[in-house]
Amino acid sequence: MLTELEPGSEIVFGDHQVVGVAMDTSSRELPPDGHACAYCDPELRGDQQELDEGDERLLEATRQFGFMVFRIGADDEGPGLAFTVGLAHRFDHPELVCFGADADVLGELVRDLANQVAAGSRFEDREIRTDVLHRAKVRFDALPTDRDAPRREHLGYACWFHRNASFPVLQVVWSDREGRFPDDPDHDPALARWQVSLGALRGSA
Ligand SMILES: [Zn+2]
């Protein structure tokens, strides 16, 4: 059927937009064939829509490895980003998303954080960490669960995987060199275009 997936395999989705996928590289044990559910088993999923090869491989990899990381490069429309698909389903933890200039760096960061989740760590809304990103603080901001538009716009494959149901997401927001986050009025304006503050939508009209 499909060629064998290994940790670190990359899958390309779509013709016009190349989306790299990095997978879990931890040595964590998951039962090789013991997991079958209607989220991540292509057979059980039973979608009406036709699955293309990329879709099938996403589901297979999520079943096999527990989560995947998507990378999308920056372009004229906006910054690059990386996000997980599968944490909310498999580890009962919010999916993670991070925006920035370099999708490869973002992918590594998100994959590292996701591996920590898979190993039992939990990240909380508004939690600040100084040990996960070189020279910057990061803050975990929960996306409002009642707003679908931002997640549909930026997290398309996560929405598809979760069947558009409301699923929890934490945005990993990074600070400037002075430790100021984008919602701080003194945040370095040169960096502002590299982050879309999904969590900052909280409470706005
Ligand atoms: Zn599953």
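Points worth noting:
- Residue that is modelled with the lowest pLDDT [pool: residues in segment 42-74 that are over 20 Å from the mean Cα position of the chain (by Cα) and within 16 Å of the ligand (Cβ to nearest atom)]: D47
- Check on F140, part of a strand (DSSP E or B) and surrounded by 18 or more Cβ atoms within 10 Å (Cβ to Cβ): yes
- Residue list for segment 75-97, filter: at pLDDT 95 or above and of a type in the set (A, V, I, L, M, F, W, C): L96, V97
- Some residue of segment 13-21 being at pLDDT below 85, crowded, with 21+ Cβ neighbours inside 10 Å and in a helix (DSSP H, G or I): no
- Condition met for L81 (over 25 Å from E124 (Cβ atoms) and either crowded, with 23+ Cβ neighbours inside 10 Å or hydrophobic (A, V, I, L, M, F, W, C) (or both)): no
- Among the residues making up segment 143-176, those that are of a type in the set (A, V, I, L, M, F, W, C) and either in contact with a Gly (Cβ under 8 Å, 6 or more places away or on another chain) or not in a helix (DSSP H, G or I) (or both) are L143, L155, F161, A165, F167, V169, L170, V172, V173, W174.
- Pairs where the first residue, in segment 37-55, is basic (K, R) and the second is more than 14 Å from the ligand (Cβ to nearest atom), C-beta under 8 Å, 6+ apart: R45/L51
- Of all the residues in segment 168-180, those that are under 21 Å from the mean Cα position of the chain (by Cα) and surrounded by fewer than 20 Cβ atoms within 10 Å (Cβ to Cβ) number 1.
- Enumeration of residues in segment 118-148 that are at pLDDT below 90, closer than 26 Å to A165 by Cα and out of contact with any Pro (no Cβ under 8 Å at 6 or more places or on another chain): A118, A119, G120, P144, D146, R147, D148
The values are calculated or read from the model by the stated rules, or taken from the named source; none is laboratory data. As the structure is a computational prediction, the values presented were derived from the model and not from experiment. Reconstructed Cβ throughout: ideal geometry from the backbone, glycine too, with neighbour counts over all protein chains shown.
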